[in-house]
Each structure stands twice: as structure tokens, then as C-alpha cells.
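Notes follow the structure.
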Amino acid sequence: AAEKKAVFIIFGGSGDLAHRKLYPALYGLYKAGILKEHFAVIGTARRAWSDNYYRGTVVTSLLDIDDDQEKMQAFAKHFFYQSHDVTDSDHYIALKKLASKLDDQFETDQNRIYYMAIAPRFFGTVAEHINSEGLKTSGYNRLVIEKPFGRSYDSACELNGSLTKTFSENEIYRMDHYLGKQMVQQLTRIRLKNKTFEKSLNNKYVSNVQVTLSESLGVEDRGGYYETAGVLRDMIQNHIMQIIGAVAMDEPAKLDSESIHEVKREVFASLKDLTPDEVDKNFVRGQYGEDITGKQKAYRDEDNVDANSDIETFVAGKVEFDSERWGGVPFYVRSGKRMPAKSSRIDIVYNDAAEEIGIRPNTTVTILIEPEDGSYILVNGIDYLESNQDIIKFPEKEDYFDHAREAYESLMIDILDGNQIHFTMWDELQNAWKYVDIIRQKWDSETPDFPNYESNTMGPDAASELLEKDGNSWVWAD
Ligand code: BG6
């Protein structure tokens, strides 16, 4: 791949996200030669660090993935630290000077990537200062933001308004790291290449679709954040919505950003909004208690969590689309912490009519996005290659996913390429928020009976009853 040129400005450069995800991803690109000589990274945060100290932390963040000291040190030489208060105009002027100095030193063509690895309440402030202190250059200027992108439809609109004063929609990269996962990215390609599969994706042949993003971990050290989010905002509004969008959208005319976002825009516009009454019928919330041995803590006993917290750590629900293609087909979704296993999967359950396109009765196609042992496609629980059913064939080569890039690396390449194909656009996001807001509002108006599921279980019983009411059941059940 050709070398890319840019100065990265990472707001929140001393933080957890930067060290866990961004530096290893940039290092991956460095090893691949995509970043080489002509790049520099400015890390900013409040605390006073020297360049040397900062570089030391960058190298430390790589120790899990590499032991080539020389290479890591050479990489770290591209890193510079700037102590920064996001509300202080003078600091942006200093930042601007440093960026243009590095621009000359590393010959980066004045390209800038502004990466917001900070608390969302600062996104707007930073963007406005980038504008007022004139940081934008004549090269490209790309803004990358992490979720949560707002807390509701209204706050997302407000946030978007403050960003779009400085950056246009085609300069804004909204990260949803699930869109960086190989299997999610490949889903569209799989649809385009497998005609039977593509032909099967509609209410004529599909009984129901199930999307599960389960985690065995609890909330860990993120109680403070999680108390403001809950699974609904943490996983459903973004990752789950993007995955059901990728299954439900029409076939794009081409595999490019414009065509994909055109069909995505349409599919999110066709989400069938719930009424407050339907929230109770179609959505279930849960919060984990201790496990059966009492060794694993209840959510309410976790650090930085209110002892009477009403925040949900589990959601199951039925999403529907108001469209000719999908009308009447339930998309059951579920996500939770402290479930028995980490699993990210899509199960497509066919009805009997599917036999007319060659799919045997009682067939389920499972797309394993990222379980611990790798991405795969199963037909009725076995490897599709052994299933003797010609529905779907992918990957063509056995070792395909062995060379897959980590999500952040792959998304970072897209940002450097100016390709928004795997990022969320504002119009899609608005509809996802509108949908989720109705659930949030209903739930906020009532006190739940929490905790209501034991750690290491599949969530509250109501999550299975939700499907049983429709005569269906979860394909993945413990
Ligand atoms: C993040 C959520 O977006 O996704 C976390 O904030 C969650 O709560 C994580 O643990 C799961 O991502 P992955 O890639 O581990 O499946």
C-alpha cells in the first residue's frame, strides 16, 4: 500500500482509548508501511508530560503486540505531546504552531486528522476552537469522533450542529467500531456474491432475524460512563442498529460509500417506530445480580455505580421495518453484560416457503461476527461448506480471516483514504436515535424491578418469552 501523509492530533492522547486502541492501530499501519516517514502524532491532554514520557507510554501500549524495540522506538519518534486545556484559546494557537512545524518537518502536505478520544461533552468545544483559532489547513481536515454521539435525538442534533459549523458531513468520521469488524464489512460483499442468499433476504422467506451481542464481562472500571448510558445507548443505538441495517438494507448499486449510505439511509428511515405501549410489549430490560456462587458482583455493587441504579445491563427487543421487503419480519435483538459467553452473531431463520429457492425447511444461517474462535458462517449450526446447502459461500479461501485487520486499523486506513463507507452518517443516526428515544423515555418514566437476572445467564426470562409469544425462540440459547 502507498504511504499516507498526515498530522494526527489526538485529543485525549494520555487516555485509555488512545493507548488501548489508537496507538496499536497506528503501529499496525506503520508496520504495514502505510505510515512511514511522513506522519506525526500530537497527543494532547491536560496533564503536563514531556515528549519523552509520552513516547514511553506509547511504546508501553505496544508491548502486547510486538517486541521489536528498534521499530517501536522509531515509531515513537513521530509522537509529540502538548499539554492542553480544551477551553483555552491560547492552547489551540500553540497546537496550531506545533502542527505546522511538524508539517514542515515530516512533509505531511498539511493533512490533518483531528481525533476526539475525549469525553463527548467536549466535542463541540474542541470543534469550535479548531474553527475560531484557524487550525484548518489547505490539506484535508478530517474529524474523527467516538461514540456516544449524543444521549438522545435532541442532544445528538445539538452536538452535530456544533460540529458542522467547522466540519462538513464529508469531513466527519463517526466511529462505530463494529463497522470495522471484518465480518460486518464482508456482509455486503457476501450478499452481492451469493445470489440465493440475497434473494432470500425478505419477508417471503425469512421467518425472523436475530442479532446477539453478548458479553461475559461486567461493567469493569467503566461504571461512571455506564451509569449515563446503559446497554440501550451503549450497544443498541449504534452497533446493533448498524448490524440490522446491514442485513435489512437493499442491495447497494455498488460497493462504494455513496451507494451504501443511500440504501442505509432508506433502511433506517423505514424503522417502524414504537408507541409507548409497544415498548413494554416489544422490549425487555435487565440488570445483572450476583452469579450463583456469589463471587461475581451485582451491577449495583460495582465501582462508581449507584447502589440503587436503574441502569440496564441487558436489553432484548423486537425491531420491525415498515417496508415492502421486511414488513412483518421481526428482527430480534439482544445485548447484555455478564452473559455466559462473549458472542457477536446474526441468525437468519427461514420459513417453509424458502424451499422454493432451494433452502430446506427449518434452515438457519448463522453469521458469527467475532466469537472468541473467529468469524464464520454456519448453516444449521455446522460449517456452511459441510452443510450440503448451496445458500452461501464465503470466504472462498479457508484462511481468509487469518489476515484480517483489527477493526481500528481498518477504520484508520479508511480515514486516511477519505473513505466514509464504514462510518455512520448523520441522517442514519437521527433515525436510530428517534427509535431508541421512545424506549428510553418510557423506561425512564417507570422504576424497574432490578436486579432481575443472575450473572452468567441469558438474561431475564422475559427475553425468551418475547420470542415465544410469536411462536419463535432464540437460536442461541444456553
Ligand atoms: C463498546 C462498548 O462500544 O463495545 C462496550 O462501549 C463493549 O461496553 C464493547 O464492551 C464491545 O466491543 P467488542 O469489540 O469487544 O465486541
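Derivation of every value follows stated rules applied to the coordinates shown; laboratory data play no part. These figures come from a predicted structure and were not determined experimentally. Note: ideal-geometry Cβ built from the backbone for every residue, glycine included; neighbour counts use all protein chains shown.
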Task: Spacing of the two label points (7 Å from each Cα toward its C-beta) at ASP449 and ALA74, in nm - done: 6.4 nm
Open item on the list: Compute the angle between helix 407-417 and the longest alpha-carbon principal axis of the chain, please, reported from 0 to 90 degrees and rounded to the nearest 10.
Closed with: 60 degrees
Task: Label point 7 Å beyond Cα of LYS101 along Cβ direction - residues of region 74-89 with amide nitrogen under 12 Å - done: 80-83
Task: Sites LYS31 and THR293, calculated FRET efficiency, Cβ-Cβ separation with R0 45 Å, nearest 0.05 - done: 0.55
Task: Among beta bridges that DSSP assigns inside region 6-146, antiparallel share in %, nearest 5 - done: 0 percent
Open item on the list: Taking amide H atoms as placed 1.01 Å from N in the peptide plane, list the residues 5 or more away in sequence, or in a different chain, whose amide H sits under 5 Å from that of GLU302.
Closed with: none
- [ ] Quote the charge dipole size of region 339-478 about the Cα centre in Debye, to the nearest 20; the model charges only the Cβ of Lys and Arg (+1) and of Asp and Glu (-1).
- [x] 280 debye
- [ ] Could you please rank ARG189, ARG300, placing first whichever residue has the fewest other Cβ atoms within 10 Å of its Cβ?
- [x] ARG189, ARG300
TODO: Kindly express, to the nearest 10 degrees and within the range 0 to 90, the angle between helix 123-132's C-alpha long axis and the longest C-alpha principal axis of the chain.
DONE: 40 degrees
Open item on the list: Please compare each pair in LYS101/LYS147; LYS71/LYS342; LYS31/LYS96; LYS204/LYS254; LYS147/LYS181 to a cut-off of 22 Å on the Cα-Cα distance and tell me which ones are over it.
Closed with: LYS101/LYS147; LYS71/LYS342; LYS31/LYS96; LYS204/LYS254
Open item on the list: For a bin width of 10 Å, list the pair-distance distribution of the chain built from all Cα-Cα distances, rounded to whole %.
Closed with: 4, 19, 28, 26, 17, 6, 1
TODO: Please list the non-local residues whose amide H lies under 5 Å from the amide H of GLU454, H modeled 1.01 Å from N, same-chain partners needing a gap of 5 or more.
DONE: GLY289
Open item on the list: Quick check: pseudo-label points 7 Å beyond the Cα along Cα→Cβ at SER216 and ASP306, how many nm apart are they?
Closed with: 3.2 nm
TODO: Would you please report the Å³ per residue occupied by the convex hull of the alpha carbon atoms in region 6-146?
DONE: 97 Å³
TODO: Provide the percentage of antiparallel DSSP beta bridges, counting only those with both residues in the chain; round to the nearest 5.
DONE: 50 percent
